[in-house]
Amino acid sequence: MCGIVGYVGPRDCSDVLIEALTKLEYRGYDSAGIAVFENGRIKVAKSKGRLTDLVEKMNKEGKPKGHAGIGHTRWATHGEPSDVNSHPHSGRRVTIVHNGIIENYKEIKQFLIDNDRTEFLSDTDTEVVAQLLDFYYDGDPVRCIRRVLHEIRGSFALGIVFADRPETVYAVRCESPLIVGQGKGEVFIASDVPAIIKYTKDYYLLDHKEIAVLRNGTVQFCSLHGRIIEKELLTADWDEDSAEKGGYPHFMIKEIHEQPTAVKTTITPRIENGLPDLSECGITPETLRGFKNIFIVACGTAMHAGMVGKYVIEKLARVSVTVDIASEFRYRDPLIDENDLVIIISQSGETADSKAVLSLVKQRNAKTLAVVNVKGSSIAREADMVIYTHAGPEIAVASTKAYMVQLSVMYLLAFEMAFAKGRISEEECRRLTLELVRVPDIIDQTIKRIENVCRYVSTKLITADSLLYIGRGLDYALSMEGSLKLKEISYIHSESYAAGELKHGTISLITEGMPVIAVATQNSLFEKTLSNIKEVKARGAMTIVICDQKADIDFDVANYIVRIPRISEMLMPMIATVPMQLLAYYTSVNKGNDVDKPRNLAKSVTVE
Ligand code: AGP
């Protein structure tokens with residue numbers, strides 16, 4: 001979604017803003033712009049398209065020169081992507097950038113029109129806020145922002161400059177993320193840490209409806225009621241290199257290769273004497289014994305990690321687990337009470353629908369556990385318990401390493417819960433934990449062993465219009481993620497299907513040469529899946545089978561076979577994920593797509 005940046009300090013402000021926005025490109029955008037104080041006056045440059053289009057425009061028309069300003073990458077919600085709808089937007093004395101949605105912008109616009117403010121240039125909700133700020137501005141910026149905060153509804157973060165307050169940037173957030181970076185004699189605002197990590201690792205998290213005033217290289221915070229507040233300065237625990245491609249052509253492939261380390265870093269601190277120990281996350285065996293039902297609620301890839309979690313928790317701990325899509329769950333008046341545990345999985349910790357579910361289930365007194373990658377994010381802060389995944393920054397829109405670490409947390413939880421409930425012995429828990437500890441090395445070997453195979457097989461997919469991913473049991477749960485990965489970056493329509501369900505309708509889609517990718521890693525279901533592969537092959541499908549090294553399968557059944565190391569079938573998803581990611585990645589590369597920034601998508605979906 002949109003990215004916000006701001007700067008006050010000695011450097012060339014336009015350069016800093018563009019550089020910082022580049023680091024937020026992964027969030028997805030379709031236009032960009034900046035506003036900088038040049039000789040005491042606000043100068044705006046904005047353009048539809050990529051940041052390079054904006055830079056080209058500034059090279060032709062003159063780059064704003066100054067030391068304080070705000071910048072923005074826009075992912076269109078209200079009004080099409082165009083120069084005029086790009087941010088910043090201005091009232092007479094106020095210029096703003098905005099991430100999020102103003103729900104009551106129509107009423108506010110009407111109010112402004114009724115009060116003779118009719119100069120709206122764009123279709124955006126943002127311009128309405130700029131005009132409202134201007135309407136109430138009486139020379140006291142903070143009072144004006146506070147007043148407007150009482151009137152606007154929605155989830156948003158704003159960067160604001162007032163024409164008569166040169167060299168000063170104001171910022172405020174309500175739901176949408178915003179941080180304030182503190183460097184030596186310079187200050188920044190940004191939607192996310194990667195934007196500022198080149199300049200400083202130190203930052204403040206702006207809380208709900210807090211206002212930041214950036215001036216003279218320092219920042220002051222105040223509450224909605226105008227009270228000055230002190231905030232804790234945090235330090236990012238990763239460096240600039242983590243947010244760079246490090247020699248890889250795309251973030252996605254870099255992040256695939258980072259998975260062994262990410263899993264190791266996530267599980268190691270949660271294992272004590274060979275057994276899972278989630279006590280540092282506020283989770284004890286007593287906590288895990290106390291729930292009647294478990295709900296896992298999330299969106300997209302994170303929800304798919306929950307699907308694997310369901311199979312594993314139910315199998316080992318014998319507790320009923322319901323997995324739900326957050327955007328559905330929040331509106332279906334779910335049957336939840338204080339005896340239930342709701343697990344929200346989210347890489348960003350800022351996904352609007354997942355956040356809404358968290359508030360809903362808290363109102364119903366359910367216990368909440370967040371599995372989140374971004375430290376200090378809204379979901380992490382609001383849940384009763386949090387297990388941080390330690391994947392480091394995930395920049396590619398298509399989630400890979402975040403999914404893998406989410407899986408590893410699902411296993412740790414399942415093992416500890418099953419042991420706490422007496423469903424597995426200590427010996428079995430140790431055996432499973434040890435096997436999990438060995439997984440990062442096997443992921444590493446798998447990537448090395450099959451990357452070229454997947455690169456080759458992907459060349460067989462690029463002309464397809466549509467394909468199916470099939471599997472049974474955990475392989476089915478996994479194929480949902482394989483299918484999503486492929487479609488989001490290759491733009492090939494793909495559907496995941498329970499292999500045994502094909503005969504009930506979907507098999508009629510199979511035509512000569514249609515690719516069917518079968519995930520067949522579950523020994524206990526192998527023969528059944530094999531029959532389904534034969535069924536589609538007999539009807540002309542081009543079959544690609546992901547199976548383990550020892551699987552008994554021939555080229556008369558599979559056109560292409562991707563063999564991966566065999567470990568216990570319960571843990572196979574962590575290995576079988578790798579070929580699915582690589583197939584998606586290389587198909588996208590071979591099609592010449594923008595792998596890290598697929599069309600129409602945003603990394604963090606902070607609006608509904
Ligand atoms: C998948 O590759 C996507 N990035 C997407 O499905 C993502 O998992 C979803 O939007 C949820 O995001 P979150 O984990 O940040 O909540």
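Which residue, chosen from 414, 602, 334, occupies the Cα position most advanced towards the positive end of the dipole of the chain, where the dipole is computed from +1 (Lys, Arg) and -1 (Asp, Glu) charges on Cβ about the Cα centre? Comparing the listed Cα positions along the dipole, 602 ranks first. Put a dot 7 Å past the Cα of residue 445, heading toward its Cβ, do the same for residue 184, and the two dots end up 4.8 nm apart. Averaging the Cα positions of each part gives two centres, and for the range 1-50 and the range 106-144 these lie 23 Å apart. Sites listed here are chymotrypsin sites (Phe, Trp or Tyr not before Pro) in the range 526-608 whose DSSP assignment is loop and whose Cβ has at most 13 other Cβ atoms within 10 Å: 555.
Working ranking of peptides 156-168, 261-273 by packing, defined as the average number of other Cβ atoms within 10 Å per residue, highest first, is 156-168, 261-273.
Given +1 at the Cβ of Lys and Arg, -1 at the Cβ of Asp and Glu and no other charges, the dipole of the range 191-242 around its Cα centre is 400 debye to the nearest 20.
Less than 11 Å Cβ to Cβ from residue 365, Lys/Arg counted +1 and Asp/Glu -1: what total charge do the surrounding residues give? Once all neighbours under 11 Å are counted, the net charge is -1.
Taking packing as the residue-averaged number of other Cβ atoms within 10 angstrom, the listed peptides 175-186, 123-134 run from highest to lowest as 123-134, 175-186. Cross-linked pairs 65/201; 367/597; 528/550; 23/401; 46/231; 264/448: Cα-Cα separations exceed 24 Å for 65/201; 367/597; 46/231. For residue 296, the residues 5 or more places off, or on other chains, whose built amide H falls under 5 Å of its own are 322, 323, 324, 343. A P(r) calculated from all alpha carbon pairs of the range 310-440, with 10 Å bins opening at zero, reads 12, 39, 36, 13, 0 percent. Using 0.36 nm per residue and subtracting the Cα-Cα separation, the extra length available between residue 506 and residue 608 on full extension is 33.6 nm. Selection among 112, 76, 247 by position relative to the dipole of the chain gives 247 as farthest towards the positive end (Cβ unit charges, Cα centre).
Placing +1 on each Lys and Arg Cβ and -1 on each Asp and Glu Cβ, with no other charges, gives the range 254-330 a dipole about its Cα centre of roughly 220 debye. Listed peptides 427-440, 65-78 appear in the order 65-78, 427-440 once ranked by packing, highest mean of other Cβ atoms within 10 Å at the front. Just want the answer: with Cβ charges of +1 for Lys and Arg and -1 for Asp and Glu, which residue in 135, 121, 155 is farthest toward the dipole's positive end in the range 111-156? The Cα lying farthest towards the positive end belongs to 155. Loop-located GluC sites (Glu not before Pro) across the range 331-385 with a Cβ neighbour count of 15 or fewer within 10 Å are 338, with loop assigned by DSSP. Overall, the range 362-486 carries a charge dipole of about 180 debye about its Cα centre when +1 sits on the Cβ of Lys and Arg and -1 on the Cβ of Asp and Glu, all other atoms neutral.
Note on residue 331 and residue 41: their simple-model spin labels are 4.8 nm apart, each label 7 Å out from Cα toward Cβ.
In a fully extended conformation the segment linking residue 230 and residue 164 would gain 21.1 nm over its present Cα-Cα distance, using 0.36 nm per residue. Counting 0.36 nm for each residue step from residue 121 to residue 80 and taking away their Cα separation leaves a gain of 13.4 nm. As a rough footprinting exposure proxy, the listed residues 451, 481 were ranked by other beta carbons within 10 Å of their own, and the order from fewest upward is 451, 481. Size descriptor for the range 13-134, Kirkwood hydrodynamic radius: 14.6 Å (Cα pairs only, one decimal). Across all C-alpha atoms in the chain, the radius of gyration and Dmax reach 25.4, 79 Å. Net charge near residue 328, counting Lys/Arg +1 and Asp/Glu -1 over other residues with Cβ under 14 Å of its Cβ? The answer is -2.
A Förster radius of 56 Å, combined with the Cβ-Cβ distance separating residue 215 from residue 286, puts the computed FRET efficiency at roughly 0.65.
With the convex hull of its Cα atoms as the shape, the range 212-323 has an orientation-averaged projected area of 12.8 nm².
Do you know the relative contact order of the chain, to the nearest whole percent, from alpha carbon pairs under 8 angstrom that are 6+ apart? Rounded, it is 12 percent for the chain.
Readers should treat all values here as calculations from the given coordinates under stated rules, not as data from a laboratory. Keep in mind that this is a model prediction, so the values were computed, not measured. Cβ atoms come from the backbone with ideal geometry, glycine included; neighbour counts cover every protein chain shown.
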